[in-house]
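This report refers to the structure that appears directly beneath it.
The values are calculated or read from the model by the stated rules, or taken from the named source; none is laboratory data. Remember, it's a predicted structure, so these values are computed and weren't measured experimentally. Heads up, the Cβs are rebuilt from the backbone with ideal geometry, glycines too, and the neighbour counts pull from every protein chain shown. The accessibility values were calculated without ligands, DNA or RNA, using every heavy atom of the protein model including side chains. Shrake-Rupley method; radii C 1.70, N 1.55, O 1.52, S 1.80 Å.
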Amino acid sequence: MKIMFLGAPGAGKGTQAEHTAQRLGIPTISTGAIIREAIKNSTAMGLAAKSYTESGKLVPDEVVIGIIKERLEKDDCKNGYILDGFPRTVVQAQALDEMGIEMDVVVSIEVDDDEIISRMNGRRVCAKCGATYHTKFKPSSDGIHCDNDGELLTQRKDDSPEVVADRLKIYHEQTEPLKDYYASKGVVKVVYGQKNVDDTTRLTDEAIDSIKK
Ligand code: AMP
């Protein structure tokens, strides 16, 4: 199964993608996580992407398309995968089409901007394994360390309030049109993000199961 999560930054794509990956036994491919790992390891791609990502801008299409092409060739993608954070522009969506890749379902997670802003403020991540938490809605067991590996949780630089405002603007201008792009292919399922993560998870499961082959 090939599943794509669409939605504003902070809408909960990563959380739902992680859950769905475990439930269905297929990998999640998050371009944001790949880019953050490359920045951490100071690879050439990481160094090129750093200034874009930390200021909330999109990394150029050709760079992320290259990342995705390389990642989708790996063996673990043979039985399907989940795309989280790709595509983010029409050019990227067209690149998937050109690769002959068709999604079984595109889950559009919808959350108001005001809610996004308050959520991003509380988001925390594990720099080691990439797990995401929220100080209020999804805290780790002790509130400050990752449950998977004990790493101290941090706030992403691009989750600061000024950068979030820019990211939302870019989202509305460049990524939101993808909903219509995929709606015209008849594969979009809308999930309204709920206050309680488990409720959003239940709706996400239902949306995916409704089209499961
Ligand atoms: P995310 O973790 O999905 O919120 O992505 C974090 C950052 O990585 C974004 O703000 C962008 O700078 C960069 N990024 C991730 N995915 C893409 C993409 N598909 N196109 C362009 N930039 C991306």
**Message:** All but one of (1) more than 24 Å from THR20 (Cα to Cα); (2) of a type in the set (Gly, Ala, Ser); (3) more than 18 Å from the chain's Cα centre (by Cα) hold for GLY56; state the number of the condition that does not hold.
**Reply:** (3)
**Item:** Residues located in segment 166-213, provided they are over 20 Å from LEU24 (Cα atoms), hydroxyl-bearing (Ser, Thr, Tyr) and either open to solvent by less than 60 Å² (accessible area, probe 1.4 Å) or in contact with a Lys or Arg (Cβ under 8 Å, 6 or more places away or on another chain) (or both)
**Value:** TYR171, THR175, TYR181, TYR182
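Of the residues LEU153, LEU168, which single one is free of Cβ contacts under 8 Å to residues at least 60 places away in the same chain and of a type in the set (A, V, I, L, M)?
Result of the check over LEU153, LEU168: LEU153.
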**Request:** Mind listing whichever residues of segment 139-153 are touching a Lys or Arg at 6+ places or on another chain (Cβ under 9 Å) and open to solvent by 60 Å² or more (accessible area, probe 1.4 Å)?
**Result:** PRO139, ILE144, ASN148, GLU151
**Message:** Scan segment 111-122 and tell me whether some residue there is within 13 Å of the ligand (Cβ to nearest atom), in contact with a helix residue (DSSP H, G or I) (Cβ under 6 Å, 6 or more places away or on another chain) and either open to solvent by 70 Å² or more (accessible area, probe 1.4 Å) or at pLDDT below 95 (or both).
**Reply:** yes
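Any chance segment 154-165 includes a residue that's in a loop (DSSP other than H, G, I, E, B), within 21 Å of GLU37 (Cβ to Cβ) and either more than 16 Å from the ligand (Cβ to nearest atom) or open to solvent by 60 Å² or more (accessible area, probe 1.4 Å) (or both)?
yes
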**Asked** Taking segment 11-28 as the search range and keeping residues that are in contact with a helix residue (DSSP H, G or I) (Cβ under 8 Å, 6 or more places away or on another chain) and of a type in the set (S, T, N, Q), which one is nearest to CYS77 (Cα to Cα)?
**Response** THR28
